[in-house]
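First up is the structure itself, then whatever we jot down about it.
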Amino acid sequence: MNSIKNVPARVLSRRPGHSLEAEREQFDKTQAISISKAINTQEAPVKEKHARRIILGTHHEKGAFTFWSYAIGLPLPSSSILSWKFCHVLHKVLRDGHPNVLHDCQRYRSNIREIGELWGHLHDRYGQLVNVYTKLLLTKISFHLKHPQFPAGLEVSDEVLEKAAGTDINDIFQLTVEMFDYMDCELKLSESVFRQLNTAIAVSQMSSGQCRLAPLIQVIQDCSHLYHYTVKLMFRLHSCLPADTLQGHRDRFHEQFHSLRNFFRRAADMLYFKRLIQIPRLPEGPPNFLRASALAEHIKPVVVIPEEAPEDEEPENLIEISTGPPAGEPAVVADLFDQTFGPPNGSMKDDRDLQIETLKREVETLRAELEKIKLEAQRYISQLKSQVNTLEAELEEQRKQKQKALVDNEQLRHELAQLRAAQLEGERNQGLREEAEKKASVTEARYTKLKEQHSKLIATHAELLRKNADTAKQLTAKQQNQEEVARVKEQLAFQMEQVKRESEMKLEEQSDQLEKLRRELEAKSGELVRVQQDLSRTEQSGSELSSRLDALSAEKEALSSAVRQQEAALQAAQSLAQEKEAALAQERAELQGRLADKESREQGLQQRLLDEQLEVLRRSAAEAERMLQDAVGTLDDPLHLRCTSSPDYLVSRAQVALDAVSALETGHAQYLASRSDASALVAALTQFSHLAADTIINGSATSHLAPTDPADRLMDACRECGARALELVGQLQDRQTVQQAQPDRVRGPLQGILQLGQELKPKSLDVRQEELGALVDKEMAATSSAIEEAVRRIEDMMNQARHASSGVKLEVNERILNSCTDLMKAIRLLVTTSTSLQKEIVESGRGAATQQEFYAKNSRWTEGLISASKAVGWGATQLVESADKVVLHTGKYEELIVCSHEIAASTAQLVAASKVKANRDSRHLSRLQECSRTVNVMAANVVASTKSGQEQIEDRDTMDFSGMSLIKLKKQEMETQVRVLELEKTLEAERVRLGELRKQHYALAVGVGTPGEEEPGQPSPAPHSGSSRKPPLAQKPSVVPRQDHQLDKKDGVCPTQLMNS
């Protein structure tokens, strides 16, 4: 057997395993070609054959990995049309591709979102469409991943819809909301596309229009299914929930219905859609969800896609069928291979290998035939689906006609009764209609005047903005001219400096040469003197010296001529420099003249700019003055008396107006610093005038519901604010008084309005409504724990009393503590019963809402429960402390009696708070009333035992006056009378103080604790401070003082009123 370690590559290429790689390469190549042809920058719709090949590719590889591997490399940020066609192809792939496409697209959500946000920030027509389309795609991916029962094509049966919705009404409610959001994204894309199309021409026949309209085919298919599902879910919700709860759902459905009907009608009129899709027609009006029988009248809209015409171009093979060796490879290679390495296993190929190769070829052939059969089956399935959809549409239409014929008689009879009732109602309301028409005419006239003033203000503002822009352009041109003149001046100065430097350099060079020549001449002269001296001393060399002297003389003359030439050149250079200086001086004079002209023009433009800015400010101030005068005029307008506003809104408007005053001060300071720019002051003045007028009007409206004294003060503050504001805008209209204007003077009246608004705000719990439910449970639990702690402390006190006292004191203490223990047990039973009744009320009244939402909706009742619970816990704690003091002989028996009465009143408060919303036939309510009566009886027992114990403990000495004389008796009588008068005076003063305390309590109860319109007659909310943290049950809640301490014998309710402290 031959052993081969390194097989040549060409031999490996002949093995059949490489057919899969070739098939994969062919598939990738085909997908890349289809994606490049489908997604390009040409403004034309995506061809169906390219999109179909991409979709078949997702089914072939059971996912969208190949699609995203090529799509992620597309230059989407460079072309909006490319991004638009990418979104279109992705939408088709999501709808018709393999189910795993959704999970593959989930990984690229960030890429889709980034493309949408990028084009959303750019002002491009296709870019805005891409932004809307990406939001739709992200919503689609999220919805189908969250609800896998719905395929991306949104085509499910009614049974699957019922199963997906489930039986929990909250799940059905949430699914309906998500489908509404899904439909909103679809309709928004259609509206954006139609908004960009020109309806005056046949845009559907142009390639640019078709490029935009092509994705709407998938939108129509999605919307038809979503409409049918929302109708089914809405009828199911109305069968389980009251109609008032679903009012928002109905309004949203009606809005989507009309938008969808207009979308279908407009698309059906376009020629482009008529040959590609059959659009269903929606009924004239939305379904009546308040009538359950209307579900039978609903007809499912069916979208029919006509059979496509065969493509002219043959589809490319997605799978390489042939797996044999290349046709061009000679057969000799196989023989050469066998001769070189020997046959496999030392012998020739056996029959089994031949059968395997034959079976492989048959498998490949069958695979190709299977793919063809699959394509034909898909084509047949699509045709059958279209026929089924057509038959279903016809069936639904016949069913509708049949049901319409059945209900026509009933509708006509109902309409006749309505017409008769309407006729009678019309006769009765004829007078009311005439009065309403008069009021409507007056209101319409006033609205017309306001509209004219608003249009004038807009026109004036636009004109001022245009003038401001023109002035800014002129100022910019003037600044450019100044910069140009400065640059010319700098260039001339630089040239002058350069000429001066060149002249100086030439003069220095010539001076150096002249000095050099002079030095040489002086050297030659010295040499000549020395030669003459030598000549006089030596007569023998006379002839030589004379010859040298002649040569030196000639050289001297040459040097003198050279010096003269240099001096002439120097003079010529000086004259040239003088000429250039003269030319520069002339140019300087011309430039100075031009500069003077420019400066004069600049001053003129500057003055014109100042005048225009002042005119802009004056007109803005005049418009602000008219606006403020109109607002001040409403203070005395009798028609404004019916207008009301809340103190909260007044406070918000006053706060914003105060911020506008700060902006106005800043703008005024900037204008005084630079009067050439009044834009900041104009903008601040416009905003201030609007906000000040709004504050004045809302202040007047708020005063209509306020008490007399605060209303008068609020009206005075509004008038003062209007007067200060009018004075300010009047100063801003005059050139002389602009600098004297003081915007800060308006701040005082606005702060007064703000303070009055805060005083008029209703005092209530400073607790968020979301925390009310938790606070109720917390307070009830705290009350229960306080009662348990009170019972434990009473038992401890009883044990201590048994060890520390004896005889009468022990008997009195045991009787008092036993009565207190019985009272605590009765209170504990009452709190437990109240908690059960409270749970029953919440469960019977909350419906589909949660417990927290029920407490937030009934906040006043919830706050009453909190106040009552605090009162009961506080009373139990005080009773224990008073009993402890009485047992230890450090307190008074009267404190224990008062605490008993307070506990009876607190339990009555808790019963009243629980009784407000309870059912009269409730078993828990009956038990609560019985517990209340028991608490009153136990409280009376505590009072009785306390009084009897007090009588036993206190020493009652016998009064013996037999040993006193007449004078001593008279003296004792006078001292007793003085003591009686002092005690009566003290009693009268305490009664007056008690009356003042009760008046203040009742004033707070009327001003703060009055129940609002939310729940008439319910307890007012208990107080709570968000800033001060009070310990549990350590502070007494405020209860209105009782007129007497008698208990109601009927149901055990103490006559008291719940209040806020």
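The values are calculated or read from the model by the stated rules, or taken from the named source; none is laboratory data. Keep in mind that what you see is a predicted model, and the values were worked out from it rather than measured. All Cβ positions, even for glycine, are placed from backbone atoms using ideal geometry, and neighbour counts span all protein chains on display. Heavy atoms of the whole protein, side chains included, go into the accessibility calculation; ligands, DNA and RNA do not. Shrake-Rupley method; radii C 1.70, N 1.55, O 1.52, S 1.80 Å.
Only one of Ser662, Ser689 is open to solvent by less than 40 Å² (accessible area, probe 1.4 Å) and outside any loop (DSSP other than H, G, I, E, B). Can you tell me which?
Residue meeting the stated conditions: Ser689.
Does Gly730 satisfy the criteria of being touching a residue at least 40 places away in the same chain (Cβ under 8 Å), assigned to a helix (DSSP H, G or I) and closer than 30 Å to Gln607 by Cα?
For Gly730, the condition - touching a residue at least 40 places away in the same chain (Cβ under 8 Å), assigned to a helix (DSSP H, G or I) and closer than 30 Å to Gln607 by Cα - is met.
Could you tell me which numbered condition Ala912 fails, if it satisfies all but one of (1) assigned to a helix (DSSP H, G or I); (2) open to solvent by 20 Å² or more (accessible area, probe 1.4 Å); (3) within 24 Å of Arg793 (Cα to Cα)?
Every condition holds for Ala912 apart from (3).
Look at region 181-198 and say how many of its residues are open to solvent by less than 10 Å² (accessible area, probe 1.4 Å) and of a type in the set (S, T, N, Q).
Residues meeting the conditions: 1.
What are the residues in region 733-755 that are open to solvent by less than 100 Å² (accessible area, probe 1.4 Å) and over 42 Å from the mean Cα position of the chain (by Cα), if any?
Result: Asp734, Thr737.
Here is a check on your reading of the model: is Ala654 at pLDDT 85 or above, closer than 13 Å to Asn698 by Cα and not hydroxyl-bearing (Ser, Thr, Tyr)?
So Ala654 passes the test.
Among the residues of region 54-78, what is the count of those that are of a type outside the set (S, T, N, Q), assigned to a helix (DSSP H, G or I) and within 26 Å of Met206 (Cβ to Cβ)?
Count: 2.
Go through region 118-150 and count every residue that is part of a loop (DSSP other than H, G, I, E, B) and open to solvent by 60 Å² or more (accessible area, probe 1.4 Å).
Result for region 118-150: 5.
Is there a residue in region 576-597 that is under 30 Å from Gln733 (Cβ atoms), open to solvent by 80 Å² or more (accessible area, probe 1.4 Å) and out of contact with any Cys (no Cβ under 9 Å at 6 or more places or on another chain)?
no
Considering only region 458-471, state which residues are within 35 Å of the chain's Cα centre (by Cα) and surrounded by 11 or more Cβ atoms within 10 Å (Cβ to Cβ).
Answer for region 458-471, where residues must be within 35 Å of the chain's Cα centre (by Cα) and surrounded by 11 or more Cβ atoms within 10 Å (Cβ to Cβ): Thr460, His461, Glu463, Leu464, Leu465, Asn468.
On the basis of being within 27 Å of the chain's Cα centre (by Cα), open to solvent by less than 60 Å² (accessible area, probe 1.4 Å) and among the polar types (S, T, N, Q), does Ser208 make the cut?
In short, no.
Restricting attention to region 368-389, does a residue exist that is in contact (Cβ under 8 Å) with a residue 12 or more places away in the chain, touching a strand residue (DSSP E or B) at 6+ places or on another chain (Cβ under 7 Å), surrounded by 13 or more Cβ atoms within 10 Å (Cβ to Cβ) and part of a helix (DSSP H, G or I)?
Looking through region 368-389, at least one residue is in contact (Cβ under 8 Å) with a residue 12 or more places away in the chain, touching a strand residue (DSSP E or B) at 6+ places or on another chain (Cβ under 7 Å), surrounded by 13 or more Cβ atoms within 10 Å (Cβ to Cβ) and part of a helix (DSSP H, G or I).
Would you confirm, using the coordinates I've provided, whether Ala701 is surrounded by fewer than 19 Cβ atoms within 10 Å (Cβ to Cβ), at pLDDT below 90, of a type in the set (A, V, I, L, M, F, W, C) and under 38 Å from the mean Cα position of the chain (by Cα)?
For Ala701, the condition - surrounded by fewer than 19 Cβ atoms within 10 Å (Cβ to Cβ), at pLDDT below 90, of a type in the set (A, V, I, L, M, F, W, C) and under 38 Å from the mean Cα position of the chain (by Cα) - is not met.
Would you be able to say whether some residue in region 191-198 is more than 20 Å from Ala44 (Cβ to Cβ) and either at pLDDT 90 or above or under 30 Å from the mean Cα position of the chain (by Cα) (or both)?
Yes, region 191-198 contains a residue that is more than 20 Å from Ala44 (Cβ to Cβ) and either at pLDDT 90 or above or under 30 Å from the mean Cα position of the chain (by Cα) (or both).
From the list Glu615, Glu602, which one is within 29 Å of Val485 (Cα to Cα) and open to solvent by 50 Å² or more (accessible area, probe 1.4 Å)?
Glu602
Taking the options Phe194, Phe150, name whichever one is of a type outside the set (Lys, Arg), closer than 19 Å to Leu94 by Cβ and touching a residue at least 12 places away in the same chain (Cβ under 8 Å).
Phe150
Test Thr230 against the criterion of being open to solvent by less than 10 Å² (accessible area, probe 1.4 Å), in contact (Cβ under 8 Å) with a residue 40 or more places away in the chain and either acidic (Asp, Glu) or out of contact with any Leu (no Cβ under 9 Å at 6 or more places or on another chain) (or both), and give yes or no.
In short, yes.
I'm trying to understand the selection: among the residues of region 582-608, which are over 30 Å from Thr471 (Cβ atoms) and touching a residue at least 24 places away in the same chain (Cβ under 8 Å)?
Correct list: Leu584, Glu587, Arg588.
Go through Leu810, Leu829, Leu823 for me and flag whichever is farther than 30 Å from Gln655 by Cα, modelled with pLDDT of 80 or more, assigned to a helix (DSSP H, G or I) and open to solvent by 30 Å² or more (accessible area, probe 1.4 Å).
Matching residue, one of Leu810, Leu829, Leu823: Leu829.
Assuming Ser455 fulfils every condition listed in (1) in contact (Cβ under 8 Å) with a residue 12 or more places away in the chain; (2) open to solvent by less than 70 Å² (accessible area, probe 1.4 Å); (3) under 20 Å from Met627 (Cβ atoms) apart from one, which condition is it?
Only one criterion in (1) in contact (Cβ under 8 Å) with a residue 12 or more places away in the chain; (2) open to solvent by less than 70 Å² (accessible area, probe 1.4 Å); (3) under 20 Å from Met627 (Cβ atoms) is unmet by Ser455, namely (1).
Across region 380-429, what is the number of residues that are touching a Ser or Thr at 6+ places or on another chain (Cβ under 9 Å) and modelled with pLDDT of 75 or more?
Residues meeting the conditions: 0.
Given the criterion assigned to a helix (DSSP H, G or I), touching a Ser or Thr at 6+ places or on another chain (Cβ under 8 Å) and either under 17 Å from Thr634 (Cβ atoms) or touching a residue at least 24 places away in the same chain (Cβ under 8 Å) (or both), identify the matching residue among Ala725, Ala717.
Ala725
Show the residue pairs meeting these rules: Cβ distance below 6 Å; 6+ apart or different chains; first residue within region 849-878 and open to solvent by 10 Å² or more (accessible area, probe 1.4 Å); second residue modelled with pLDDT of 75 or more.
Correct list of pairs: Gln851/Val842; Phe854/Val842; Thr877/Ala786; Gln878/Cys899.
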